[in-house]
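Take a look at the structure below.
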Amino acid sequence: MQLPVIDQTIQLTSLYTGNVDDDLAMIKTLKLAKSIVGGLSEPSKMPCHSYNIPANKCKTGGKLKKIKGSVCFGCYAADDIEWVKSKCKENGKWALTRYTMNNIKDALQRRFESLNDVHWVPAMVKLINHYSKNNGHFRWHDSGDVQDENHYQNIMTVVRYTPTVKHWLPTREYGIVTKFDAPDNLVVRLSAHMVDGKAPSHDGFETSTVSTGDEPKNGGHRCEAAKNDNQCLDCRKCWNKSVENIDYHHHN
């Protein structure tokens, strides 16, 4: 499927060039770190903390959202109330989610605006090292996606300075993430664009797909959360590089 080309040369965020250790020494409290990055999220499904920004800031996802049959056409994190209502009316299954609530939208927007804070990287390091020290896992972008190369490089710096944590980053921005070698403790899963579509093919990267029916259409491990009241429970396969493809059941 051909999508309109996104100019990957445009950098909307600033590349962190500071000294992480020195900057961490200045961020003495969790309260200060939270004020810098807007805090972390705690998705009910996840066994760990996560980080999110508005889904309306997705580059590729914003285009897929308009294409019926795409994974993003049924975006669970959509915050445009009128758009969500129109889809509810269209198929009779969708419902307004917490992402349409003003307090949630405001929080996501604050996190998005914080991406250009000069202390975003060390503040994220402090929060992740604190909140993930017991479970050892972290998820990037339960809503939203990578914005540009600078954003992704900043994420990788955070990952390198949280070496005891396993990070999982699902993304549709293939053109950005495939330019770089990810740290060993970061699993980057390239997400298929279409429901029942094949997994993206890029050497060295894990993938994810979405399919209908009881079994994956294109192979891989079927996520079992749907059988477990939408909970990961003790499963950590999304963070496991030995699991090449995770297939999620289409829930719309």
Condition check for His151: in contact with a Cys (Cβ under 9 Å, 6 or more places away or on another chain), of a type outside the set (A, V, I, L, M) and over 21 Å from Pro47 (Cβ atoms): no
Could you check how many residues of the range 17-52 are touching an Asp or Glu at 6+ places or on another chain (Cβ under 8 Å), aliphatic (A, V, I, L, M) and in a loop (DSSP other than H, G, I, E, B)? 1
Among (1) part of a helix (DSSP H, G or I); (2) over 20 Å from Lys34 (Cα atoms), which single condition is Trp168 missing? (1)
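Filter the range 200-252 down to the residues that are among the acidic types (Asp, Glu) and farther than 14 Å from Pro47 by Cβ, then identify the one that is nearest to the chain's Cα centre (by Cα). Before the answer, list the steps.
Our first condition is that a residue be among the acidic types (Asp, Glu); within the range 200-252, this holds for 203, 206, 214-215, 224, 229, 234, 244, 247.
Next cut, farther than 14 Å from Pro47 by Cβ only: 203, 206, 214-215, 244, 247.
Working: Asp203: 21, Glu206: 14, Asp214: 25, Glu215: 24, Glu244: 18, Asp247: 16 Å.
Checking each candidate, the answer is Glu206.
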Under 7 Å between Cβ atoms, at least 6 apart or on separate chains: pull out the pairs that start in the range 25-43 with a residue that is touching a residue at least 24 places away in the same chain (Cβ under 8 Å) and under 17 Å from Val158 (Cα atoms) and end on any residue that is of a type in the set (Phe, Trp, Tyr) and surrounded by 11 or more Cβ atoms within 10 Å (Cβ to Cβ). Ile36/Trp120; Val37/Trp120; Leu40/Tyr51; Leu40/Tyr131; Ser41/Tyr51
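Residue under question is Gly220, and the condition is that it be farther than 24 Å from Arg111 by Cβ and out of contact with any Phe, Trp or Tyr (no Cβ under 9 Å at 6 or more places or on another chain); does it hold?
yes
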I'd like to verify a number: residues in the range 100-147 that are of a type in the set (Ser, Thr, Tyr), over 25 Å from Asn19 (Cα atoms) and either outside any helix (DSSP H, G or I) or out of contact with any helix residue (DSSP H, G or I) (no Cβ under 7 Å at 6 or more places or on another chain) (or both), how many? 1
Looking across the range 161-201 at residues that are in contact (Cβ under 8 Å) with a residue 24 or more places away in the chain and among the polar types (S, T, N, Q), the single one that is surrounded by the fewest Cβ atoms within 10 Å (Cβ to Cβ) is Thr164
Which pairs turn up if I take residues in the range 48-70 that are touching a residue at least 12 places away in the same chain (Cβ under 8 Å) and closer than 16 Å to Leu115 by Cβ and look for partners that are surrounded by fewer than 18 Cβ atoms within 10 Å (Cβ to Cβ) and among the hydroxyl-bearing types (Ser, Thr, Tyr) with beta carbon separation below 9 Å, at least 6 apart in sequence or on another chain? Ala55/Tyr76
Of the residues in the range 160-204, those that are touching a strand residue (DSSP E or B) at 6+ places or on another chain (Cβ under 6 Å) and within 26 Å of Lys133 (Cα to Cα) come to Val165, Lys166, His167, Trp168, Leu169, Pro170, Ala182, Asn185, Leu186, Val187, Val188, Arg189
Quick check on this structure: which one of Val146, Val158 is buried (at least 22 other Cβ atoms within 10 Å of the Cβ) and in contact with a Leu (Cβ under 8 Å, 6 or more places away or on another chain)? Val146
If I filter the range 169-179 for residues that are of a type in the set (Lys, Arg) and either within 24 Å of Phe73 (Cβ to Cβ) or touching a Leu at 6+ places or on another chain (Cβ under 9 Å) (or both), do I get at least one hit? yes
Could you tell me which residue of the range 21-44 is modelled with the lowest pLDDT, considering only residues that are of a type in the set (D, E, K, R) and loosely packed, with under 15 Cβ neighbours inside 10 Å? Glu42
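The values are calculated or read from the model by the stated rules, or taken from the named source; none is laboratory data. For clarity, every value in this text was computed on a predicted model and none was experimentally measured. Here Cβ is always computed from backbone atoms with ideal geometry, including for glycine, and neighbour counts include all displayed protein chains.
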